Amino acid sequence: MSFEAPLETTKGNIHEVEIGAGRKVGGETTFPFHLWEGEMPNSPLIAMEVYDEPQSGWPEAVRKVYEDVMDDPVAWARKCQDEFGADAICLQLGSIDPNGTDASADSAAETVKKVAAALDIPVIVYGTGSPDKDAEVLKKIAEATSGAGSPIGPVDDSNFRLVGAAAMGYKNPVIAFTSMDVNLAKQLNVLMTQLGVPEDKIIVDPTTGALGYGLDYCYSIMERDRLAALVQNDAKMQMPIFNNLAPETWKAKEAKVSEEEEPTFGDVETRGILWEAVTATTLLLCGTDILVMRHPQAVTLVRAAIEGLQAQSKEKVAS
Amino acid sequence: MALSGLQIFKLLAKTNCKECGFPTCMAFAMQLAAGKAELDQCPYVSDEAKAALGEASAPPVRKVTVGAGDLAVTVGEETVMYRHEKRFENMPGLGVLITEDMDDAQVSSLLGTLKEQQFNYVGRTLRPRVAAIKAADAGRLAALAAKADAESGAALVLMHDDAAALKAAAEPLKDKKPLLYAATEANFDAVAAVAKELDVPFAIKADTLGALADLGQKALDMDFKEVVLDPSSATLGDVLQDQTLIRRAAIKKTFRALGFPTIGFPCLMTDDRLLEIVYASVFITKYAGIVILSDLDPARTLPLLYLGQNIYTDPQKPMQMDQGVYPINDPTADSPILVTTNFSLTYFTVSSEVEASKVPAWLVIMDVEGQSVLTAWAAGKFVADAIAPFLKKSGIEEKAPHKKIIIPGYVAQISGELEEELGDGWEVQVGVREAADIPKFLRQWSAN
């Protein structure tokens with residue numbers, strides 16, 4: 001019996017979404033990196049995260065990288081763009097948390113404007129997951145970034161009307177957040193398109209679990225998302241996927257516990273970097289389009305993984 | 001191609017003799033149909049049934065065991081492309097490459113690590129298990145193999161182009177089932193003969209999947225079952241492509257010539273020790289059976305071992321924590337007590353927030369078969385008359401006798417009933433709904 005490569009073609013494709021600064025995400029016509037049987041016109045994007053207020057309690061491996069810019073989001077974003085070659089910035093609006101600083105929408109919008117003005121790369125703006133506050137702030141952000149095409153989120157089933165309307169008005173893509181469930185993800189996309197948000201203005205955040213902390217759930221949900229989009233050609237599932245993995249990864253005990261406390265775990269810095277890089281690489285294999293990352297060395301590794309995955313000897317299939 | 005359980009049952013002896021290890025012929029037939037049993041397990045199978053079933057009954061990816069004893073690695077037996085369709089069966093075996101260039105102390109140190117290194121994660125012990133031995137000198141190969149066996153008991157992969165060298169190294173250890181690596185177009189007959197004589201598994205290696213399939217077919221024609229594939233992928237993209245197409249051919253086309261587990265060597269693909277781990281993670285996520293690294297530094301093996309567990313855990317059985325009292329941040333008798341369910345994600349999320357709060361606390365985890373708080377409440381498992389007796393038996397009273405417990409905000413409605421069930425001075429406080437709000441809650445909490 002001679003071998004014939006079993007190729008699979010798909011019926012659907014992922015929408016291509018413009019995210020500002022001339023960049024696009026999505027557009028895949030095949031499973032992640034299956035370049036031997038389909039197209040992946042846009043490489044997955046690595047967005048490095050920047051916070052709008054200093055962060056405490058970070059593991060040393062990442063704290064020392066950003067300690068000089070922690071209190072200046074513009075300098076922080078510039079560092080990611082100029083030194084680390086970030087494809088995009090994800091500005092995490094930690095300051096607006098009602099249980100924290102509870103900063104006003106105006107002050108957040110001011111920061112976003114300053115950061116965006118200082119950069120040549122796209123800026124993604126992300127709230128704290130408090131639906132009411134996020135809605136109030138994201139409306140302002142849409143106005144403040146009018147025309148720049150910055151994706152804003154998270155938007156959930158309780159605030160999508162408020163944020164969706166503003167995003168439509170100012171032409172921002174929205175990031176629709178659901179909690180680890182394929183059906184809920186689809187339902188929110190249906191609600192948003194019914195509201196009038198165009199399909200190519202929606203990116204989805206399916207919830208990201210770090211390695212050892214729910215990555216298995218996240219992996220299978222994303223695989224099922226992509227099967228629905230590509231094989232079943234379900235238009236309400238054909239959105240690019242956004243994974244906010246940095247906060248999850250660097251919260252994992254294994255990424256931060258010192259070698260003194262866990263002598264069998266080995267060097268903490270290596271471990272932290274690999275925790276983030278391995279989580280990100282696994283997400284590449286189940287369909288991510290935007291990875292939000294923190295450690296520059298993990299970013300370098302994941303960029304190498306993307307380039308490695310794109311390097312395929314096509315003639316093999318024909319052999 | 002594939003026969004249903006019922007179709008297979010009709011071809012069996014129907015005596016329910018149980019000698020196959022299953023209670024009835026029907027049960028055996030169902031397992032055959034699912035690719036979870038082999039026809040050979042039935043001593044009474046007729047030649048006619050064999051011919052009819054042979055093709056249909058073997059698992060699409062053959063089971064291969066390398067090594068013997070505690071560190072033996074069983075791979076293969078896979079039946080799906082996507083883990084959510086059923087589950088992935090056998091976690092990849094992780095190992096280290098030992099070469100003749102290493103000095104004795106270095107080899108002993110690696111073998112010592114293989115023997116000792118293990119991590120506990122959600123109730124499972126995870127560890128590297130494989131030593132791949134590579135030496136151009138045949139005598140050195142045999143000596144290193146013997147040393148590796150004696151000092152670590154690891155599953156062995158013996159690497160050489162020459163069948164005689166492989167035989168010399170494998171023969172004294174043949175009961176330990178070392179994997180001979182590798183038969184190629186050039187040496188297939190000789191290596192296969194050694195594998196047959198010693199009754200050990202062997203790997204086949206070729207530069208294209210077509211050539212690999214030709215070797216696989218040769219092995220099948222000679223009635224070999226324990227074969228491991230190396231498609232010699234040159235780039236990471238080729239790894240993805242080769243592993244995917246091999247698995248797809250086996251599962252979707254029942255293409256037997258590639259219906260075997262694979263072995264991969266990320267250690268030979270890059271000199272960057274961190275990038276090697278990223279490469280290895282692609283092998284592990286995408287179907288590889290045995291993955292060989294250049295060292296066993298725990299900071300590098302830990303993420304890969306966790307990844308193997310994550311990908312190979314059964315998606316239909318939620319990962320569960322053991323029931324019990326978990327101390328966080330060195331709690332004392334006056335520290336707050338939080339009660340929640342044993343769904344692993346619930347535990348991970350809550351424990352990491354409690355940890356982040358820096359507030360010493362007791363986390364009491366109740367076994368509700370791995371369900372989340374709301375699901376378990378709806379199923380009647382995380383309710384007052386179940387929680388009360390559990391708490392009393394949990395031993396928390398001895399550790400923190402203040403009798404004030406905090407329940408998840410999502411089950412606020414059970415607080416009154418739970419207080420009644422507990423009786424005798426217990427106080428039930430309603431906590432927050434979202435784990436992210438735990439630090440603030442705990443910082444404001446006081447026992448009085």
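Name the one entry in A:ARG294, A:ARG271, A:ARG303 that is farther than 19 Å from A:TYR213 by Cβ and touching a residue at least 12 places away in the same chain (Cβ under 8 Å). Steps first, answer last, please.
Details: A:ARG294 fails: farther than 19 Å from A:TYR213 by Cβ; A:ARG271 fails: farther than 19 Å from A:TYR213 by Cβ.
A:ARG303 is the lone residue from the list that is farther than 19 Å from A:TYR213 by Cβ and touching a residue at least 12 places away in the same chain (Cβ under 8 Å).
Quick one: which residue in B:LYS14, B:LYS36, B:LYS50 is more than 29 Å from the chain's Cα centre (by Cα) and either among the aliphatic types (A, V, I, L, M) or at pLDDT below 85 (or both)? Quick ask: steps written out before the conclusion?
Working: B:LYS14 fails: either among the aliphatic types (A, V, I, L, M) or at pLDDT below 85 (or both); B:LYS36 fails: more than 29 Å from the chain's Cα centre (by Cα).
None of the others qualify; the one that does is B:LYS50.
Identify all residues within the stretch B:161-197 that are in contact (Cβ under 8 Å) with a residue 40 or more places away in the chain and surrounded by fewer than 24 Cβ atoms within 10 Å (Cβ to Cβ); write none if there are none. Steps first, please.
First pass over the stretch B:161-197, keeping only residues in contact (Cβ under 8 Å) with a residue 40 or more places away in the chain: B:175-179, B:181-182.
Those that are in contact (Cβ under 8 Å) with a residue 40 or more places away in the chain and surrounded by fewer than 24 Cβ atoms within 10 Å (Cβ to Cβ): B:ASP175, B:LYS176, B:LYS177.
This table checks each residue for (1) under 18 Å from B:VAL278 (Cβ atoms); (2) hydroxyl-bearing (Ser, Thr, Tyr); (3) more than 7 Å from chain B (Cβ to nearest Cβ).
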{"residue": "A:ASN244", "(1), (2), (3)": "no, no, yes"}
{"residue": "A:LYS251", "(1), (2), (3)": "no, no, no"}
{"residue": "A:ALA277", "(1), (2), (3)": "yes, no, no"}
{"residue": "A:PRO296", "(1), (2), (3)": "yes, no, yes"}
{"residue": "A:GLY308", "(1), (2), (3)": "yes, no, no"}
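Listed residues A:LYS64, A:LYS24, A:LYS11; which is touching a helix residue (DSSP H, G or I) at 6+ places or on another chain (Cβ under 9 Å) and basic (Lys, Arg)? Reasoning before the result, please.
On the way: A:LYS64 fails: touching a helix residue (DSSP H, G or I) at 6+ places or on another chain (Cβ under 9 Å); A:LYS24 fails: touching a helix residue (DSSP H, G or I) at 6+ places or on another chain (Cβ under 9 Å).
Within the list A:LYS64, A:LYS24, A:LYS11, the selection yields A:LYS11.
Collect the residues in the stretch B:58-69 that are over 13 Å from B:GLY259 (Cα atoms) and either touching a helix residue (DSSP H, G or I) at 6+ places or on another chain (Cβ under 8 Å) or at pLDDT below 75 (or both), keeping them in residue-number order.
B:GLY67, B:ALA68, B:GLY69
Go through (1) among the aromatic types (Phe, Trp, Tyr); (2) more than 14 Å from chain B (Cβ to nearest Cβ); (3) out of contact with any helix residue (DSSP H, G or I) (no Cβ under 6 Å at 6 or more places or on another chain) one by one and return the number of the condition A:PHE160 breaks.
Condition not satisfied by A:PHE160: (3).
Which condition number does A:THR281 fail, the rest of (1) surrounded by fewer than 24 Cβ atoms within 10 Å (Cβ to Cβ); (2) among the hydroxyl-bearing types (Ser, Thr, Tyr); (3) within 7 Å of chain B (Cβ to nearest Cβ) being met?
(1) is the only condition that A:THR281 fails.
Hey, among the residues in the stretch B:295-327 that are surrounded by fewer than 21 Cβ atoms within 10 Å (Cβ to Cβ), within 11 Å of another protein chain (Cβ to nearest Cβ) and without any contact (Cβ under 8 Å) to a residue 60 or more places away in the chain, which one's farthest from B:GLY95 (Cα to Cα)?
That would be B:PRO318.
Out of B:SER4, B:SER46, I need the residue that is among the polar types (S, T, N, Q), under 27 Å from B:GLU85 (Cβ atoms) and touching a residue at least 24 places away in the same chain (Cβ under 8 Å). Which one? Before the answer, list the steps.
Details: B:SER46 fails: under 27 Å from B:GLU85 (Cβ atoms).
That would be B:SER4, the only listed residue that is among the polar types (S, T, N, Q), under 27 Å from B:GLU85 (Cβ atoms) and touching a residue at least 24 places away in the same chain (Cβ under 8 Å).
Being outside any loop (DSSP other than H, G, I, E, B) and over 23 Å from B:LEU156 (Cα atoms) is the filter; apply it to the stretch B:257-280 and report the residue that is nearest to the chain's Cα centre (by Cα).
Ranking the candidates gives B:VAL278 first.
If A:GLN81 satisfies every condition in (1) in a loop (DSSP other than H, G, I, E, B); (2) under 19 Å from the mean Cα position of the chain (by Cα) but one, which is the exception?
(1) is the only condition that A:GLN81 fails.
Out of (1) surrounded by 20 or more Cβ atoms within 10 Å (Cβ to Cβ); (2) in contact with a helix residue (DSSP H, G or I) (Cβ under 6 Å, 6 or more places away or on another chain); (3) free of Cβ contacts under 8 Å to residues at least 60 places away in the same chain, the odd one out for B:GLU353 is which?
(3)
Select, from B:LYS358, B:LYS393, B:LYS403, the only residue that is within 17 Å of B:LEU442 (Cα to Cα), modelled with pLDDT under 95 and away from chain A (no Cβ under 14 Å).
Just one listed residue meets the conditions, B:LYS403.
Consider B:THR340 carefully, then state whether it is more than 14 Å from every other protein chain (Cβ to nearest Cβ), assigned to a loop (DSSP other than H, G, I, E, B) and touching a residue at least 40 places away in the same chain (Cβ under 8 Å). Write out each step before concluding.
Details: more than 14 Å from every other protein chain (Cβ to nearest Cβ): yes; assigned to a loop (DSSP other than H, G, I, E, B): no; touching a residue at least 40 places away in the same chain (Cβ under 8 Å): yes.
Considered against the rule, which asks whether it is more than 14 Å from every other protein chain (Cβ to nearest Cβ), assigned to a loop (DSSP other than H, G, I, E, B) and touching a residue at least 40 places away in the same chain (Cβ under 8 Å), B:THR340 comes out as no.
Pick from the stretch A:254-275 the residues that are more than 8 Å from every other protein chain (Cβ to nearest Cβ) and of a type in the set (A, V, I, L, M): which of them is nearest to A:LEU45 (Cα to Cα)?
Step by step, filter the stretch A:254-275, then rank; the result is A:ALA255.
I'm told B:GLN118 meets every condition in (1) touching a Lys or Arg at 6+ places or on another chain (Cβ under 9 Å); (2) more than 14 Å from chain A (Cβ to nearest Cβ) except one. Can you identify the failing condition by its number?
(2)
For every residue, the table says whether it meets (1) touching a Ser or Thr at 6+ places or on another chain (Cβ under 8 Å); (2) part of a strand (DSSP E or B); (3) crowded, with 22+ Cβ neighbours inside 10 Å.
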{"position": "B:LYS10", "(1), (2), (3)": "no, no, no"}
{"position": "B:ALA13", "(1), (2), (3)": "yes, no, no"}
{"position": "B:CYS17", "(1), (2), (3)": "no, no, no"}
{"position": "B:LEU32", "(1), (2), (3)": "yes, no, yes"}
{"position": "B:ASP40", "(1), (2), (3)": "no, no, no"}
{"position": "B:ALA49", "(1), (2), (3)": "no, no, no"}
{"position": "B:GLU78", "(1), (2), (3)": "no, no, yes"}
{"position": "B:MET102", "(1), (2), (3)": "no, no, no"}
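Please work out if B:GLN243 is at the interface with chain A (Cβ under 9 Å from one of its Cβ atoms) and not basic (Lys, Arg).
On the way: at the interface with chain A (Cβ under 9 Å from one of its Cβ atoms): no; not basic (Lys, Arg): yes.
Judged against the criteria, B:GLN243 is not a match.
When you scan the stretch B:210-225, do you find a residue that is touching a Gly at 6+ places or on another chain (Cβ under 8 Å), away from every other protein chain (no Cβ under 12 Å), free of Cβ contacts under 8 Å to residues at least 60 places away in the same chain and within 24 Å of B:HIS160 (Cβ to Cβ), even just one?
no
With outside the structural domain of B:GLU276 (by TED's automatic domain parsing), within 30 Å of A:ARG226 (Cα to Cα) and of a type in the set (A, V, I, L, M) as the only criterion, which of B:ALA49, B:ALA27, B:ALA33 stands out? Before the answer, list the steps.
Numbers: B:ALA49 fails: within 30 Å of A:ARG226 (Cα to Cα); B:ALA27 fails: within 30 Å of A:ARG226 (Cα to Cα).
Only one candidate passes the filter, namely B:ALA33.
Residues in the stretch A:62-76: is at least one touching a residue at least 12 places away in the same chain (Cβ under 8 Å), touching a Gly at 6+ places or on another chain (Cβ under 8 Å) and surrounded by 20 or more Cβ atoms within 10 Å (Cβ to Cβ)?
Looking only at the stretch A:62-76, we keep the residues that are touching a residue at least 12 places away in the same chain (Cβ under 8 Å), and these are A:62, A:65-66, A:70-71, A:73-74, A:76.
In the following step, the residues that additionally are touching a Gly at 6+ places or on another chain (Cβ under 8 Å) were identified as A:62.
Add one more test, that the residue is surrounded by 20 or more Cβ atoms within 10 Å (Cβ to Cβ), and what stays is A:62.
Yes: one or more hits.
When you check B:PHE283 against the structure, is it in a loop (DSSP other than H, G, I, E, B), more than 8 Å from chain A (Cβ to nearest Cβ) and among the hydrophobic types (A, V, I, L, M, F, W, C), yes or no? Break it down into steps so the answer makes sense when it comes.
On the way: in a loop (DSSP other than H, G, I, E, B): no; more than 8 Å from chain A (Cβ to nearest Cβ): yes; among the hydrophobic types (A, V, I, L, M, F, W, C): yes.
Spelling it out, it is not the case that B:PHE283 is in a loop (DSSP other than H, G, I, E, B), more than 8 Å from chain A (Cβ to nearest Cβ) and among the hydrophobic types (A, V, I, L, M, F, W, C).
The values are calculated or read from the model by the stated rules, or taken from the named source; none is laboratory data. Since this is a predicted model, take the numbers as computed values, not measurements. Using ideal geometry, Cβ is built from the backbone for each residue, glycine included, and neighbour counts are taken over all protein chains shown.
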